[in-house]
Amino acid sequence: MAGLLSRELDIPAICTDKYRYDWGFHEPWKGYETEIAPEKQDLFYEKIAALCADYPHFILEGNAINPRDIERFAPDAAVLLARIDITPMECLRLCRQFDKDDWTCRRDDDYLLKLFADYTRFARKWAAENPELLIDTSDYNAGIETAHAVILEKLNASV
């Protein structure tokens with residue numbers, strides 16, 4: 001979704017999950033909401049903020065930033081894209097249908113089902129805690145359309 005919005009809005013997308021993994025912060029299956037140990041979260045945020053400083057506008061994408069912390073990055077616009085009314089099995093079906101060159105292609109179904117169960121749980125929790133940011137992408141096309149409109153409106157208001 002972030003890639004599509006990045007192309008449509010002509011602003012870079014920074015994949016926080018990629019950096020979480022590349023920089024050695026990735027600790028899956030330990031129950032951390034962002035898959036980063038709480039004592040390492042601030043350092044990770046500092047490193048992401050340094051990347052963001054290179055761009056006047058950017059999209060932060062991924063589960064490595066907790067929505068409650070988004071203001072640390074001084075966004076022009078903040079949205080939480082989450083599939084609220086979708087099961088982990090449906091997430092798996094969709095990723096197998098649409099993700100042709102994605103990291104999910106290198107993972108087996110059992111791994112992804114566990115991961116999607118965690119992501120669904122955290123997405124629902126984050127949505128309940130941040131309803132003002134939520135754009136439900138259970139209907140992918142409608143969600144992307146809404147996100148595009150909301151982000152454009154907020155970007156135009158910040159100019």
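The values are calculated or read from the model by the stated rules, or taken from the named source; none is laboratory data. Remember, predicted model here, so these are calculated numbers, not experimental data. Please note: Cβ atoms are built from the backbone with ideal geometry, for glycine as well, and neighbour counts cover all protein chains shown.
Do the conditions hold for I65, that is, is it modelled with pLDDT of 85 or more, out of contact with any Lys or Arg (no Cβ under 9 Å at 6 or more places or on another chain), assigned to a loop (DSSP other than H, G, I, E, B) and among the aliphatic types (A, V, I, L, M)? No; evaluated as a whole, the condition is false for this residue. Do the conditions hold for T104, that is, is it within 24 Å of E8 (Cβ to Cβ) and at pLDDT 90 or above? So T104 does not fit the description; no.
Kindly list, by first and then second residue, each pair from a residue in segment 103-126 that is without any contact (Cβ under 8 Å) to a residue 12 or more places away in the chain and more than 16 Å from E35 (Cα to Cα) to a residue that is aliphatic (A, V, I, L, M) and surrounded by 17 or more Cβ atoms within 10 Å (Cβ to Cβ), limited to pairs with Cβ atoms under 9 Å and residues at least 6 apart or on different chains. Pairs that qualify, where the first residue is without any contact (Cβ under 8 Å) to a residue 12 or more places away in the chain and more than 16 Å from E35 (Cα to Cα) and the partner is aliphatic (A, V, I, L, M) and surrounded by 17 or more Cβ atoms within 10 Å (Cβ to Cβ), are T104/L92; T104/L112; T104/L115; R107/L115.
When L94 is tested against (1) within 25 Å of K40 (Cβ to Cβ); (2) out of contact with any strand residue (DSSP E or B) (no Cβ under 7 Å at 6 or more places or on another chain), just one condition goes unmet, and that condition is (1).
Do we have any residue at all in segment 8-19 that's part of a helix (DSSP H, G or I) and surrounded by fewer than 16 Cβ atoms within 10 Å (Cβ to Cβ)?
Yes, the conditions are met somewhere in segment 8-19.
The residues of segment 137-159 that are surrounded by 11 or more Cβ atoms within 10 Å (Cβ to Cβ), in a helix (DSSP H, G or I) and polar (S, T, N, Q) amount to a single one, T146. Scanning segment 127-152 for residues being charged (D, E, K, R) and either more than 23 Å from F58 (Cα to Cα) or in contact (Cβ under 8 Å) with a residue 24 or more places away in the chain (or both) gives a total of 3. Looking at the structure I just gave you, is R93 of a type in the set (K, R), at pLDDT 85 or above and either surrounded by 12 or more Cβ atoms within 10 Å (Cβ to Cβ) or more than 24 Å from R68 (Cα to Cα) (or both)? In short, yes.
Assess whether E39 counts as being surrounded by 14 or more Cβ atoms within 10 Å (Cβ to Cβ), in a helix (DSSP H, G or I) and of a type outside the set (S, T, N, Q).
So E39 fails the test.
Quick check on my filter: what residues within segment 116-143 are closer than 22 Å to Y21 by Cβ and either among the basic types (K, R) or over 14 Å from the mean Cα position of the chain (by Cα) (or both)? Correct list: A117, R121.
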